[in-house]
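Colleague: So that we are looking at the same thing, I have put the structure below in structure tokens.
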Amino acid sequence: MMPIFPIDLRKSKLERIYRIYKTTKNWHEVLLAYLGLKKFCVALLRSGYRIPVSKNSWSEFWKCITIEFLKSKLENIHFIDEDAVAFKYNKREIILKLPKQINFAPLLYTFFYEDYKYLNVSGKCVIDVGAYIGDTAIYFALKGARKVFAIEPYPYTYNLLVENIRMNSLDSVVKPINAAIMDSDGIMLLPYIEEDTAGKLAYNSEKGVEIPCYKLSTLVDMLKHSEEVYDGLVLKLDCEGCEYYAILGSSSETLREFEEIILEFHGNPKPLMHKLRECGFKVNLYSIDLKSKTGMLFAKRKIL
């Protein structure tokens, strides 16, 4: 049975303090710098490196110790470019090109903490809504997914997604789709801005690139008619609020196409839980972050 974690401390100050403690020998000095009680110190990393720490150099220091922290689980992790990282996962080397702002969330939550480990994807087709730069699509492919449809609306992160799939030779498994999931079918304009889009809901702008948007039911029908969807369909949603459009705007027939559903919710999860239970799913919550009012929901369809 899947455990329930009512509170998620991974984005808290406590987790940041823990990361400093795990990676530095003189962690007490570094903590004083982190808390603003000391202007400068030299961090002595447990790996042997020495890194200056000050207010001006904090972002570079944090980047270094995050990599050190990840080494405990991700083998041979290292930067191969200023914005590309390589590491070994499941006995396979992965290359991941990150946004220019270097967001470590794909490494931490997808491969280190494994937020989606409860989703059984082996031999299944995965609809991955909010695929971002392709980290989750790669994760599902490595876990044995037969096919992954990676849905990402923003042009910049979509291009990173395409590049990451190509660099990891997963083109035959992962199909990138530049689209958004909304409450109606149509076209939306999204700006092409080379910046990190993590945590941003796709909103229509006055000018930009035309991106198709679909209801979840439309997307499922399109993929089924393309004959690329096999038996055993599962759904992952991480789309900054569109999970309500996807779930509440779908019929019971559409939702029951999925054996399992995992999603990140933003706000009150009760309407999502009620709808899924009405459609015959057993629902659990886990990793709830009280500060941001977000969390993870896992639903498994009951066998009649």
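Each value in this text was obtained by applying a stated rule to the coordinates, not by laboratory testing. Just so you know, these numbers come straight off a predicted model, no measurement behind them. Note: ideal-geometry Cβ built from the backbone for every residue, glycine included; neighbour counts use all protein chains shown.
Colleague: Take the Cα coordinates of the range 1-151, assign each an equal point scatterer, and use the Debye formula without solvent to give log10 I(q)/I(0) at q = 0.12, 0.19, 0.20 Å⁻¹.
Modeller: -0.59, -1.21, -1.29
Colleague: Let me ask something additional. Using a 4.7 Å Cβ cut-off, which Cys residues in the chain lack a partner cysteine?
Modeller: Cys41, Cys64, Cys125, Cys213, Cys279
Colleague: Expected output is a single nm value to one decimal: the length gained when fully extending between Asn56 and Ser172, i.e. 0.36 nm times separation in residues minus the C-alpha distance. What is it?
Modeller: 37.3 nm
Colleague: To continue, here is another question. Match the structure shown to one of the listed values [x] 32, 22, 17; [y] 48, 28, 15; [z] 35, 21, 19 of semi-axes √(5λ) of the Cα gyration tensor in Å, computed from it, and give that label.
Modeller: [z]
Colleague: Let me ask something additional. Once you have the Cα-Cα distance between Val209 and Ser251, take 0.36 nm times their residue separation minus that, and quote the gain in nm to one decimal.
Modeller: That works out to 12.1 nm of additional length.
Colleague: Normalised by the number of residues in the chain, what is the relative contact order in percent for Cα pairs under 8 Å and 6+ residues apart?
Modeller: 14 percent
Colleague: Seen from all sides and averaged, what is the projected area of the convex hull of the Cα atoms in the range 82-129, in nm²?
Modeller: Across all orientations, the range 82-129 yields a mean hull projection of 4.3 nm².
Colleague: Next question. In a Gaussian network model over the chain where Cα atoms closer than 10 Å are linked, find which of Ile151, Ile138, Ile193 has the largest mean-square fluctuation.
Modeller: Of the options given, Ile193 has the highest mean-square fluctuation.
Colleague: For the range 115-301, give the share of DSSP beta bridges that are antiparallel, in percent and rounded to the nearest 5; count only bridges with both residues there.
Modeller: In the range 115-301, DSSP labels about 50 percent of beta bridges as antiparallel.
Colleague: Oh, and also: When the helix-only estimate is applied to the chain (DSSP H runs of n ≥ 4, each -39,500 (n - 2.57), divided by the residue count), what is the mean residue ellipticity at 222 nm, nearest 500 deg cm²/dmol?
Modeller: My calculation for the chain gives -8000 deg cm²/dmol from helical runs alone.
Colleague: Along each of the three principal axes of the Cα atoms of the range 97-174, give the extent in whole Å, ordering the values from largest to smallest.
Modeller: Principal axes ranked by extent give 34, 26, 21 Å for the Cα atoms.
Colleague: Calculate the length of the line joining the C-alpha centroid of the range 222-295 to that of the range 31-96, in whole Å.
Modeller: Centre-to-centre distance over Cα atoms comes out at 35 Å.
Colleague: Further question on the same structure: Principal axis extents for the range 150-304, Cα atoms only, whole Å, descending order, please.
Modeller: Computed over the Cα atoms, the extents are 44, 41, 31 Å.
Colleague: Still on this model: How large is ³J(HN,Hα), in whole Hz, for each residue of the range 246-251 in order, when computed from phi with the Karplus curve 6.51 cos²θ - 1.76 cosθ + 1.60 and θ = phi - 60°, using x for Gly and Pro?
Modeller: Calculated HN-Hα couplings, in order: 5, 7, 5, x, 9, 6 Hz.
Colleague: Highest mean first, how do 92-101, 172-181 rank when packing is the count of other Cβ atoms within 10 Å averaged over residues?
Modeller: 172-181, 92-101
Colleague: Same structure, new question: For the range 208-282, what is the largest minus smallest coordinate of the Cα atoms on each principal axis, given in angstrom and ordered from greatest to least?
Modeller: 36, 33, 17
Colleague: Using the alpha carbons of the range 39-108, what is the convex hull volume per residue in cubic angstrom, as a whole number?
Modeller: Convex hull volume per residue, Cα atoms: 93 Å³.
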